[in-house]
Protein chains: 2
Amino acid sequence: MTGAESLLNAAVAAGLDTCFANPGTTEIPLVQAIENTPGMRAVLCLFEGVVTGAADGYARMAGKPALTLLHLGPGFANGIAYLHDAKRARSAVINLIGEHATWHLPADPPLNSDIESLANPVSHWVRRNQSAETLAADMAEAMEAASTFPGRIATLILPNDYLLADATSVAQFRAPVPPPKVSEEAVKTAASLLLEHRPAALFLGGFGLRKRGLKAAARVAAVTGCKLLCETTPTHLERGAGTPPLLRLPYFPEWGMELLAPFKSVVLAGARNPVTFFGYPNTRSHFIAPEQLSETLATPEEDITSALEALADYLGAPANAGEFGSLARPSLPTGKLTPETYAATVAAIQPEDAIIMEEGISTTRSYFQASGGAPSHSYLSQPGGAIGLGMPCATGAAIAAPDRPVITLQSDGAGMYTLQALWTQAREGLNITTLIGSNRRYHILEVELRRAGIEQISDKARTMIDLQRPEIDWVSLAKGMGVPGVRVETAEALAQELTIALQEPGPHLIEVRL
Amino acid sequence: MTGAESLLNAAVAAGLDTCFANPGTTEIPLVQAIENTPGMRAVLCLFEGVVTGAADGYARMAGKPALTLLHLGPGFANGIAYLHDAKRARSAVINLIGEHATWHLPADPPLNSDIESLANPVSHWVRRNQSAETLAADMAEAMEAASTFPGRIATLILPNDYLLADATSVAQFRAPVPPPKVSEEAVKTAASLLLEHRPAALFLGGFGLRKRGLKAAARVAAVTGCKLLCETTPTHLERGAGTPPLLRLPYFPEWGMELLAPFKSVVLAGARNPVTFFGYPNTRSHFIAPEQLSETLATPEEDITSALEALADYLGAPANAGEFGSLARPSLPTGKLTPETYAATVAAIQPEDAIIMEEGISTTRSYFQASGGAPSHSYLSQPGGAIGLGMPCATGAAIAAPDRPVITLQSDGAGMYTLQALWTQAREGLNITTLIGSNRRYHILEVELRRAGIEQISDKARTMIDLQRPEIDWVSLAKGMGVPGVRVETAEALAQELTIALQEPGPHLIEVRL
């Protein structure tokens, strides 16, 4: 058995079965080991940003980490942006980075770089392996680190000579420690805020956005009259018919602060104290005002589900109390495609149990509201804000949940960062429908220029904002990677093509011209 | 004047005029400043790897840095791989990274990350700006750092609030210090090696591969009988008819060591002591054997041109001594496309004064040898080894040298990393012909598996190596980004389409099916 094989055996023993991979020469022993390890599947991605974004999406749906296989510092670097997103999403990822042979490193070969310095900002745990015999134990420890609730990023740096050498070690993997329960005091404090400082809001995030937590939150709302709010960019929100109505915190500070302003108190439940994406002059960093009362029922790292249930029980809420939305799809719109008719069409058609990955930026500004009454679905978004996550994350989600239809709501500008994901979708025959909201510009920058007081955008500034000259032809791009695509310009055409795409197996792309 | 404007004024005063950009919200003040700064041009790239790769290519041809404009840590991270390449190429690049407003950072907004930790491995110089009034001075210092011969990577982290604030400062830019001259002792030692320990080799790299240095090297060879060798992956080699014949060090260790074995001594001239790209079992790291005599005439950071001229003078070489190749193109091949007929066709047709960017990996293994007698041209390759540099680097080279035809020899696997470069080529109307050598696999990994003793590659390992199921259709990908493309399957068709592409203005792509 090689060191690489002992490592993969330890991974399989810990319950891992999927490796998103973009190998190079230093990872040849890992390629051989995957070949020789039953139960380990490799999914080739043609760019490392697809590897790490897919690992994030996989973890969100599978509830366990995927492995990534990356080539030295530069290959890892190409995946950093979506590890940033995965870290902010609190997804579990285990990175395997091939490194030069230890005896070769002192010669500073061309691809040598300081991998730890690159890895630390996007990893909770980084280990440089020190011998073939410790590869299995390192893998087990990486799994323990990554499995820390709700999920962490563990990065293993693997010298080529140790991967190649013989090894006999077998690793024991300890089951992850369950997340800490919150104190009775935290439950009582939350209850007193919600009862005594009204109007009050329960601000939900993280695992508080899964069905069990939401059911308890609805009970809390039923007996206290509090409003249920949720994070702007949830990692994984279970929503639609049968779930309680939630108000989502708007992206722009002034809108979010306006939404929160009426509340005397806010209880944070699985969410951080919300922070604006960017700092704007004369605006504060935190949405919640200093004069508003705010307490934490549970942090994102604590057992928010049992905390919400304990709170509901403490408040004496009946087991089935609460308001739950019914199926209420928008009617199918007609005519010109706008962000509003686009959103309504998707919400009118999306099937039961769909996984929706949203990176539509301004093109899908109406989707969240339009789809509240759609059939039960998983809604994934982008807590980390690193652009380009959409198609890779959807790819990983589809690998983790092959029986569920996946719809990616993708903006054209962000989509260009990681379009290589389409190839992996075709290779693996994934049931993903990618909707490219094509507005042919970095519209969010136009908005930001206007917010900064610039009304007339000059031709020179336009060169940095417009995606015209030439226009991007997404149907051709999809065809180039083996994904059938069509372009639509009306709501009727979108409805027709979306219906077809969802019925036919395999990936599809629809360019939605706005 | 805003801080951002004072910074760009300082850049223009230092002679900079080009900024490869992918801006986000934190860079809005820089977008506005570019708009308001005459003499500064922005080139939009739809992915940050294109930004940094283009900056590398620009620096190689312009002999001065480009600016890059990048969005926070994650945007910078997407550009790290090609900054790694630029650093190894010793190209001059100045990165401008927008950072959150200083007062917003303590709230740890979603896109916050440790930018310094990400930047240090690929930068010689990193500065976090501390006030609006020091932005101009920081820019001037970045320029001085980047201009240190032959070129360095300088990274400026620019808080949004300082960019926005008023500033009055104007910066003085000191002209860069010329590279240090080598000692007389170094010249004498080199001469004695070449004269007394024969057969001898003069191993050229860096600026020793430009015409003036090569002319002096040819004089040295004429009087000492030494062989002229060059680095495996030159940053910028001026070659073709009228330049002295060079033997290039082969990529694989066994071939390179075989080439070097006959030499009793090796003089390093603008090159590091060459190191193999990867460490293989039972192979040493350095090509030059411990028993071979080796001395450094000039490091890549010293004035290699004057060192070579001093050596030629010291040896009493006549001013016009030396062997210079004549125009000797291969004849146009016919029939099936192979790496050999592909290379010969390009070498038979490439125009006078072309810039050739080679990232063909195994698809262009025959090109270097085939093109030695082609008309005078610049040959750029990849000293850093981070895959995907080809099309971005060619893009930057074409921006720097708009009157020269650019040909990119690109492999299909590496090309998929940064295909977004094609869009910028179309946007800017660049005269670039991209040849995609399509072998539909990571062929180098197949070779490495064979070198590792694996003769039969299983279906499972193949999933990580084959780029089939689906095949990549490069003509459609190019069309999707506004670049006209064709597919060729014979040498005759390649000759015809390459001739057309070179005659028509603007970018073209030819998928060369091998």
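The values are calculated or read from the model by the stated rules, or taken from the named source; none is laboratory data. In this text, all values refer to a predicted model and were calculated from it rather than measured experimentally. Note that each Cβ is placed from the backbone with ideal geometry, even for glycine, and that neighbours are counted across all protein chains shown.
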Legend entry - Any strands (runs of 3 or more DSSP E) falling wholly within region B:185-271 and containing at least 1 residues that are in contact (Cβ under 8 Å) with a residue 24 or more places away in the chain, crowded, with 17+ Cβ neighbours inside 10 Å and polar (S, T, N, Q): B:265-269
Legend entry - Residues (hydrophobic (A, V, I, L, M, F, W, C) and more than 14 Å from every other protein chain (Cβ to nearest Cβ)) located in region A:377-393: A:L380, A:C393
Inset, instruction - Go through region B:461-480 and count every residue that is out of contact with any strand residue (DSSP E or B) (no Cβ under 9 Å at 6 or more places or on another chain) and either assigned to a strand (DSSP E or B) or at pLDDT 95 or above (or both). - result: 2
Inset, instruction - Quickly run through region B:386-411 and pick out the residues that are farther than 24 Å from A:F76 by Cβ and of a type in the set (A, V, I, L, M). - result: B:A394, B:A397, B:A398, B:I399, B:A400, B:A401, B:V406, B:I407, B:L409
Legend entry - Complete set of residues in region B:35-68 that are under 19 Å from B:M139 (Cβ atoms), in contact with a Pro (Cβ under 9 Å, 6 or more places away or on another chain) and at the interface with chain A (Cβ under 8 Å from one of its Cβ atoms): B:A42
Legend entry - Residue list for region A:218-245, restricted to those being under 21 Å from the mean Cα position of the chain (by Cα) and within 15 Å of A:L259 (Cα to Cα): A:L229, A:C230, A:E231, A:T232
Inset, instruction - For region B:131-144, state whether one or more residues are out of contact with any Cys (no Cβ under 6 Å at 6 or more places or on another chain) and facing chain A (nearest Cβ under 10 Å). - result: no
Inset, instruction - Report yes if some residue within region A:74-95 is more than 8 Å from chain B (Cβ to nearest Cβ) and under 19 Å from B:L449 (Cα atoms); otherwise report no. - result: no
Inset, instruction - Output the residues belonging to region A:471-510 that are β-branched (V, I, T) and without any contact (Cβ under 8 Å) to a residue 12 or more places away in the chain. - result: A:I500
Inset, instruction - Filter region B:72-125 down to residues that are of a type in the set (A, V, I, L, M, F, W, C) and more than 19 Å from B:G53 (Cα to Cα) and give me whichever is surrounded by the most Cβ atoms within 10 Å (Cβ to Cβ). - result: B:L111
Inset, instruction - Would you be able to say whether some residue in region B:490-499 is more than 10 Å from chain A (Cβ to nearest Cβ), of a type in the set (A, V, I, L, M), over 27 Å from B:G57 (Cβ atoms) and part of a helix (DSSP H, G or I)? - result: yes
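Condition check ((1) hydroxyl-bearing (S, T, Y); (2) more than 29 Å from A:R152 (Cα to Cα)) across all residues:
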residue	(1), (2)
A:V275	no, no
A:F278	no, no
A:P290	no, yes
A:T296	yes, no
A:P300	no, no
A:T305	yes, no
A:D313	no, yes
A:E323	no, yes
A:P339	no, yes
Inset, instruction - Check every one of the helices (runs of 4 or more DSSP H) wholly within region B:70-123 and list those with 1 or more residues that are at positive phi. - result: B:72-78
Legend entry - region A:116-128, subset more than 8 Å from chain B (Cβ to nearest Cβ) and of a type in the set (A, V, I, L, M), residue farthest from the chain's Cα centre (by Cα): A:V126
Legend entry - region A:401-421, subset in contact (Cβ under 8 Å) with a residue 60 or more places away in the chain and part of a strand (DSSP E or B), residue farthest from the other protein chains (Cβ to nearest Cβ): A:I407
Legend entry - So B:T2, is it under 26 Å from B:E133 (Cβ atoms) and at pLDDT below 95: no
Inset, instruction - Select from region A:422-461 the residues that are more than 19 Å from B:N22 (Cβ to Cβ) and away from chain B (no Cβ under 12 Å) and list them in ascending order. - result: A:L430, A:N431, A:I432, A:T433, A:T434, A:L435, A:G437, A:E455
Inset, instruction - With the checklist (1) surrounded by 22 or more Cβ atoms within 10 Å (Cβ to Cβ); (2) part of a loop (DSSP other than H, G, I, E, B); (3) of a type in the set (S, T, N, Q) in hand, flag the one item B:Q425 doesn't pass. - result: (2)
Legend entry - Single condition A:I500 does not satisfy, out of (1) surrounded by 22 or more Cβ atoms within 10 Å (Cβ to Cβ); (2) more than 26 Å from the chain's Cα centre (by Cα): (1)
Legend entry - Matching option when the condition is of a type outside the set (F, W, Y), modelled with pLDDT of 95 or more and over 21 Å from B:F278 (Cβ atoms), among A:A59, A:A21: A:A59
Legend entry - Subset of region B:293-322 (residues that are closer than 24 Å to B:G240 by Cβ, in contact with a helix residue (DSSP H, G or I) (Cβ under 6 Å, 6 or more places away or on another chain) and in a loop (DSSP other than H, G, I, E, B)): B:P300, B:A317, B:A321, B:G322
Inset, instruction - Answer yes or no as to whether B:A374 is away from chain A (no Cβ under 14 Å) and in a loop (DSSP other than H, G, I, E, B). - result: yes
Inset, instruction - Answer yes or no: is there a residue in region A:167-176 that is within 14 Å of another protein chain (Cβ to nearest Cβ) and either modelled with pLDDT of 95 or more or within 26 Å of B:L118 (Cβ to Cβ) (or both). - result: no
Legend entry - Meets criteria (touching a Leu at 6+ places or on another chain (Cβ under 6 Å) and either buried (at least 20 other Cβ atoms within 10 Å of the Cβ) or of a type in the set (S, T, Y) (or both)) for B:A171: no
